[in-house]
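Written out below as structure tokens is the structure these notes cover.
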Amino acid sequence: MRAFAAALWLAVLLLPVGVGLAAGAADSVDVYGELANPALQSRYEHITHDLRCLVCQNESIADSNVELASDLRRQVREMLVAGKSDDAIFKFMTDRYGDFVRFNPPLKPKTWLIWGAPFIMVAVGAIVIVRIARRRARLPLDDEPTSEIQ
Amino acid sequence: MLKFVIPVMAFLALVVLFAFGLNPHRDIHALPSPLIGKQAPKLDLMDVMDPSRHVDNAALKGQVYVLNVWGTWCVECRVEHEELLAIAQQHVVPLIGLDYMDQRDKAKQWLTQLGNPYESVGFDTDGRTAIDWGVYGAPETFLVDGQGRVLYKFISPITAEVWEHEFLPRIAAARRSGA
């Protein structure tokens with residue numbers, strides 16, 4: 001019982017340390033803090049969420065803690081402060097890392113398949129459904145199974 | 001007729017997809033570099049071995065060279081190092097190093113202890129040169145021709161086989177075409 005009470009006390013004492021560590025970890029994603037200009041900060045967030053961290057590949061550079069992501073965030077921040085447009089920043093990144101660096105790749109001949117795939121799949125599905133529906137429409141309505149559908 | 005053709009077409013499409021997607025030699029993390037065929041980015045850095053010296057790729061204009069990105073934190077670079085030493089022994093092209101996300105004294109120690117295959121090694125203090133080259137890991141190796149164009153990029157450790165089949169023919173072709 002005494003051991004339990006001691007453990008409880010220890011846990012209570014260490015709680016602020018744990019919370020502090022967690023907060024520190026969250027902060028380290030953005031070591032430079034927010035940009036002073038709120039308009040720039042909102043563009044910064046939009047851009048960094050649309051750029052892929054190439055080390056982890058399914059995380060954006062806004063979410064990733066690896067060093068490359070932090071270097072790329074610094075790059076985005078500096079270009080924003082220097083007055084560069086969003087397009088210029090995205091171009092800077094795709095010129096170096098290719099379209100894969102963007103979660104939202106531009107529409108161009110090389111990416112038609114990516115953008116078109118959902119529509120192609122819906123179209124294929126629609127054709128299949130129409131064909132099945134038409135075939136069923138031609139079936140006799142009576143409940144007796146015919147030799148045709150057995 | 002259609003009843004036969006459609007499944008066969010679907011099957012062939014799957015064969016092509018699997019041949020590509022399940023190929024064990026394909027590195028799913030290796031991205032094609034948009035720099036291929038373009039002018040190589042600038043590299044002008046302090047030399048790891050001698051901070052008073054500069055490594056500048058403008059000075060390499062006119063010759064084919066290989067740029068190898070590495071770091072002492074990179075386990076696969078340690079694996080690759082033996083091969084780089086062997087490549088350096090062949091004296092085919094200058095090997096230039098780019099020490100990435102590293103500490104200079106550690107890098108210096110690495111080269112002193114394991115041997116230095118590089119003609120010079122640029123020390124990328126803040127990762128900016130690496131960003132310009134589209135580097136996202138190590139090891140990565142670029143081949144640049146005499147006109148300063150990026151000919152080829154290889155991601156993951158170079159092996160003797162890769163050097164012989166991917167690099168040497170491209171180096172020979174670049175020299176033949178006068179580039």
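Readers should treat all values here as calculations from the given coordinates under stated rules, not as data from a laboratory. As the structure is a prediction and not an experimental result, all values here were calculated from the model. Ideal geometry is used to build each Cβ from the backbone, glycine not excepted, and the neighbour counts take in all protein chains shown.
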Would you list the membrane-span-like helices of chain B, meaning whole DSSP H runs whose alpha-carbon atoms span at least 27 Å along their axis and whose mean Kyte-Doolittle value is at least -1.0?
B:2-21
Neighbouring partner chain Cβ atoms per residue of B:129-136, average, 10 Å criterion:
5
Spatial separation of Cα centroids for the stretch B:28-66 and the stretch A:71-144, in angstrom
35
Average partner coverage of B:40-52, which counts Cβ from other chains inside 10 Å
0
Taking only the alpha-carbon atoms of chain B, the convex hull volume per residue, in cubic angstrom, is 141
With a ≥ b ≥ c from the Cα gyration tensor eigenvalues, square-rooted, and the rule rounded for a/c under 1.5, otherwise prolate when a/b > b/c and oblate otherwise, the stretch B:67-155 is oblate
So which residue, out of B:Tyr136, B:Tyr152, B:Tyr65, gets the largest mean-square fluctuation from a GNM of chain B using Cα contacts under 10 Å as springs?
B:Tyr136
Averaged across A:92-98, how many Cβ atoms of other chains sit within 10 Å of each residue's Cβ atom?
5
Sort all Cα-Cα distances of the stretch A:31-106 into consecutive 5 angstrom bins from zero, then give the percent of pairs in each bin up to the one containing the longest distance.
3, 17, 31, 27, 16, 5, 0
Pairwise FRET efficiency - B:Ser52 versus A:Ala82, Cβ, R0 = 35 Å, nearest 0.05
0.65
Which of A:Lys110/B:Lys42; B:Lys42/B:Lys153; A:Lys91/B:Lys38 have a Cα-Cα distance over 19 Å?
A:Lys110/B:Lys42
May I ask you to derive the FRET efficiency for B:Val15 and A:Glu67 from their Cβ-Cβ distance with R0 = 45 Å, giving the value to the nearest 0.05?
0.65
What is the diffusion coefficient of the protein assembly as shown in µm²/s, taking the Kirkwood radius over Cα pairs and the Stokes-Einstein relation at 25 °C with a viscosity of 0.890 mPa s?
101
Which longest uninterrupted range of chain B lacks any trypsin sites (Lys or Arg not before Pro) assigned by DSSP to a loop state (not H, G, I, E or B) and surrounded by at most 15 other Cβ atoms within 10 Å?
B:62-179
How far, in nm, would the chain grow between A:Asn37 and A:Ala126 when pulled straight, counting 0.36 nm per residue and subtracting the alpha carbon separation?
27.1 nm
Helix-derived [θ] at 222 nm for chain B: sum -39500 (n - 2.57) over DSSP H runs of at least 4, divide by residue count, nearest 500?
-10500 deg cm²/dmol
